[in-house]
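Only one structure is covered here, and it is reproduced in the block below.
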Amino acid sequence: MSLARLARGLRAGELSPREAVERYLRRIEALDGELNAYIAVRAEEALAEADALLRARGRGSLWGVPVAVKDVIDVAGTATTAASRVLVDHVPAADSEVVARLRGAGAVVLGKLNLHEFAYGALTTSTRFGPARNPWSPDRVCGGSSGGSGAAVAADLAAGTLATDTAGSIRIPSCYCGVTGLRPSTGRVSNRGVLPVAPSFDAVGPIARTAEDCALLLAVVAGHDAGDPTSLDEPVPQYTELLGEGVRGLRVGMVSSLVEDADAPVAEAVEAALAELRSLGAELVPVEVPLVEHAGTVQQAIQFPEATEVHMEWLRTRLADYDADVRARLLVGLFVPPEVREAGKRAREAAVDEIRLVFEQVDLLAAPTMPVLPPRIGSEIVELRGREVLHRLVLIPYNSPWSLVGSPVVSVPCGLVDGLPVGLALVGPRLGEATVLRAAHAFQLATDWHERRPVLAGTL
Amino acid sequence: MAEPPSPAELRRIAETHGVTPTDEDLEAVRAFLAVLLPAFEELERLAPPPAPGE
């Protein structure tokens, strides 16, 4: 059931907040033993919070809606683990700003979701909590770092989720799990009370069934937070009201190099999705975006040392408690010379100028969210056009360009290849969330890829 | 700069930050740096520092 439909049902009195929570708790109990999407389920707390809603004055847009959050987002009184042994008994006293806003709108927090350790990887296979399994094929990864969020939505273990994205961590699991995810513009949503990866790239955003669900969640969490220096003080559009404007007349730039470099069946699914947008009235134009070639290097020149700075004290005192892959990434930041980081900052400014010119020609950019299917758990190798390549390398050109310039990106399901989901990424200009959501919504009104469910999710 | 520093040099640099990696950690880091350092060299050519007075 979509979050939007559930919210309407709750407001209409078709079910109570407690009944909604109980529905998801039953599904979690039945399915999460296999999927491992959750790190912590707040069953008793969620039921009590649902009952308390009946006594509350006013009913917000998410009244009674059970949601879950990635386990780097603080929920008062519940441990934030980041799926790491480094954080033992780290129980925040206060909600993160985004959770406070969710609660203010009437949402109930079901629990904390699995992730790649410290949100610093794309597989969601931490040794502390074990891998999250892809509901479409449990021997495959969910992607990451927000893998638990993708799995929970795909298997209907929460009506919607909040996740984080530094270099693809919302988009990749949304793609691999066949759900809809939005990385908002950097600074659009508060990061206060959220463990950082690399603060100049980090963005909190929704993963849910549909673009409409994402718009509902974004409308609640977006907006200035005076307590977060990275937060933008810009007006927030009425995302849900703008959803229905369609794509007629929108100029959509297909990033040719990213389509051509994707695995052939993935590229075919994306081209079919773009043809659908054209049939709905969008003008489709092939474009080259030169920053795609170097964006990964530029992001890494800044991100590696930024992430290492965040972890510096733990690297000195808890180094052995990190998983080996995350430990190596964090150590790399020690060896990036300051002049390289400065060159990266200059190149990022140039990239922002370049993308501004691109968005003078088109309203949106479109590309595959990921060029490949999810790897099997335990392997980092994926097949791309007949070659075996490292997953962590193929994801970079598809995700870093948009993180680098701080653009909003939505990933929508647009096909199945060998029974596994494929995603279309729609990229907007900075603060252009309303346009990407509107295009995604139009696509979903015309197609049913977002309604396809893995067999496992339908077993209850 | 394109060649990763030796494990001994990496260890020396890490220790200046108060970090004591294992030999296995340093080998993993060298694998990352083998890919990153040539790309970083190219980045410095693409985005050179501004000339004095700019």
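The values are calculated or read from the model by the stated rules, or taken from the named source; none is laboratory data. Keep in mind it's a predicted model, so treat the numbers as computed, not measured. As a convention, Cβ positions derive from the backbone with ideal geometry for all residues, glycine included, and neighbour counts pool all protein chains shown.
When you go through A:Ala262, A:Ala275, A:Ala226, A:Ala269 one by one, which is the residue that is within 30 Å of A:Pro66 (Cα to Cα) and of a type in the set (A, V, I, L, M, F, W, C)?
A:Ala226
Taking A:Ile170 as meeting all but one of (1) crowded, with 24+ Cβ neighbours inside 10 Å; (2) farther than 18 Å from A:Gln303 by Cα, write down the number of the exception.
Result: A:Ile170 passes all but (2).
Anything in segment A:348-369 that is away from chain B (no Cβ under 14 Å), assigned to a helix (DSSP H, G or I) and hydrophobic (A, V, I, L, M, F, W, C)? List them, or say none.
A:Ile355, A:Leu357, A:Val358, A:Phe359
Restricting attention to segment B:32-42, does a residue exist that is surrounded by fewer than 11 Cβ atoms within 10 Å (Cβ to Cβ) and in a helix (DSSP H, G or I)?
no
So which residues in segment B:43-54 are in a helix (DSSP H, G or I) and more than 7 Å from every other protein chain (Cβ to nearest Cβ), if there are any at all? First the steps, then the outcome.
Going residue by residue through segment B:43-54, those that are in a helix (DSSP H, G or I) are B:43-46.
Scanning segment B:43-54 gives a single hit, B:Arg45.
For residues in segment A:160-177 being of a type in the set (Ser, Thr, Tyr) and in a helix (DSSP H, G or I), which is nearest to A:Ala105 (Cα to Cα)?
In this case the residue turns out to be A:Ser174.
I need a count of the residues in segment A:275-302 that are of a type in the set (Asp, Glu) and either closer than 30 Å to A:Glu339 by Cβ or within 14 Å of chain B (Cβ to nearest Cβ) (or both).
Total meeting the criteria: 2.
Scan A:Ala272, A:Ala264 and give me the residue that is surrounded by fewer than 19 Cβ atoms within 10 Å (Cβ to Cβ), touching a Cys at 6+ places or on another chain (Cβ under 8 Å), more than 7 Å from chain B (Cβ to nearest Cβ) and farther than 30 Å from A:Thr81 by Cα.
A:Ala272
Among the residues of segment A:19-37, are any at pLDDT 95 or above, part of a loop (DSSP other than H, G, I, E, B) and surrounded by 16 or more Cβ atoms within 10 Å (Cβ to Cβ)?
Looking through segment A:19-37, at least one residue is at pLDDT 95 or above, part of a loop (DSSP other than H, G, I, E, B) and surrounded by 16 or more Cβ atoms within 10 Å (Cβ to Cβ).
Within segment A:207-225, is there a residue that is without any contact (Cβ under 8 Å) to a residue 60 or more places away in the chain, crowded, with 24+ Cβ neighbours inside 10 Å and under 15 Å from the mean Cα position of the chain (by Cα)?
So far as segment A:207-225 goes, no, none of its residues is without any contact (Cβ under 8 Å) to a residue 60 or more places away in the chain, crowded, with 24+ Cβ neighbours inside 10 Å and under 15 Å from the mean Cα position of the chain (by Cα).
Could you tell me whether any residue of segment A:111-127 is basic (Lys, Arg) and either out of contact with any Asp or Glu (no Cβ under 9 Å at 6 or more places or on another chain) or assigned to a loop (DSSP other than H, G, I, E, B) (or both)?
Going residue by residue through segment A:111-127, those that are basic (Lys, Arg) are A:112.
If we keep only those that are either out of contact with any Asp or Glu (no Cβ under 9 Å at 6 or more places or on another chain) or assigned to a loop (DSSP other than H, G, I, E, B) (or both) as well, we get none.
Checked segment A:111-127: no residue is basic (Lys, Arg) and either out of contact with any Asp or Glu (no Cβ under 9 Å at 6 or more places or on another chain) or assigned to a loop (DSSP other than H, G, I, E, B) (or both).
Scan segment A:306-346 for residues that are aromatic (Phe, Trp, Tyr) and closer than 11 Å to B:Val19 by Cα and jot them down. Explain how you work it out, then say what you get.
Filtering segment A:306-346 for residues aromatic (Phe, Trp, Tyr) gives A:314, A:322, A:335.
Within segment A:306-346, just A:Trp314 meets the criteria.
Does segment A:369-392 contain any residue that is surrounded by 18 or more Cβ atoms within 10 Å (Cβ to Cβ), within 30 Å of A:Arg26 (Cα to Cα) and in contact with a helix residue (DSSP H, G or I) (Cβ under 7 Å, 6 or more places away or on another chain)?
Taking every residue of segment A:369-392 in turn, at least one turns out to be surrounded by 18 or more Cβ atoms within 10 Å (Cβ to Cβ), within 30 Å of A:Arg26 (Cα to Cα) and in contact with a helix residue (DSSP H, G or I) (Cβ under 7 Å, 6 or more places away or on another chain).
Would you mention how many residues in segment B:5-19 are in contact with a Leu (Cβ under 7 Å, 6 or more places away or on another chain) and either at the interface with chain A (Cβ under 8 Å from one of its Cβ atoms) or among the hydrophobic types (A, V, I, L, M, F, W, C) (or both)?
Adding up the residues that qualify gives 5.
Could you grab me the full set of residues in segment B:21-41 that are more than 7 Å from chain A (Cβ to nearest Cβ), of a type outside the set (Lys, Arg) and without any contact (Cβ under 8 Å) to a residue 40 or more places away in the chain?
Those that are more than 7 Å from chain A (Cβ to nearest Cβ), of a type outside the set (Lys, Arg) and without any contact (Cβ under 8 Å) to a residue 40 or more places away in the chain: B:Thr22, B:Asp23, B:Glu24, B:Leu26, B:Glu27, B:Ala31, B:Ala34, B:Val35, B:Leu37, B:Pro38.
Could you tell me whether any residue of segment A:399-411 is surrounded by fewer than 20 Cβ atoms within 10 Å (Cβ to Cβ) and either closer than 24 Å to A:Gln444 by Cβ or within 14 Å of chain B (Cβ to nearest Cβ) (or both)?
Within segment A:399-411, the first condition is being surrounded by fewer than 20 Cβ atoms within 10 Å (Cβ to Cβ), and the residues that meet it are none.
Taking every residue of segment A:399-411 in turn, none turns out to be surrounded by fewer than 20 Cβ atoms within 10 Å (Cβ to Cβ) and either closer than 24 Å to A:Gln444 by Cβ or within 14 Å of chain B (Cβ to nearest Cβ) (or both).
Among the residues of segment A:50-84, write down those that are in a helix (DSSP H, G or I) and aliphatic (A, V, I, L, M). I'd like the intermediate steps shown before the answer.
Initial filter on segment A:50-84 (in a helix (DSSP H, G or I)): A:50-53.
Passing the criteria: A:Ala50, A:Ala52, A:Leu53.
Can you work out which of the residues in segment A:318-347 that are in a helix (DSSP H, G or I) and more than 9 Å from chain B (Cβ to nearest Cβ) is surrounded by the most Cβ atoms within 10 Å (Cβ to Cβ)?
Among residues in segment A:318-347 that are in a helix (DSSP H, G or I) and more than 9 Å from chain B (Cβ to nearest Cβ), the one surrounded by the most Cβ atoms within 10 Å (Cβ to Cβ) is A:Leu330.
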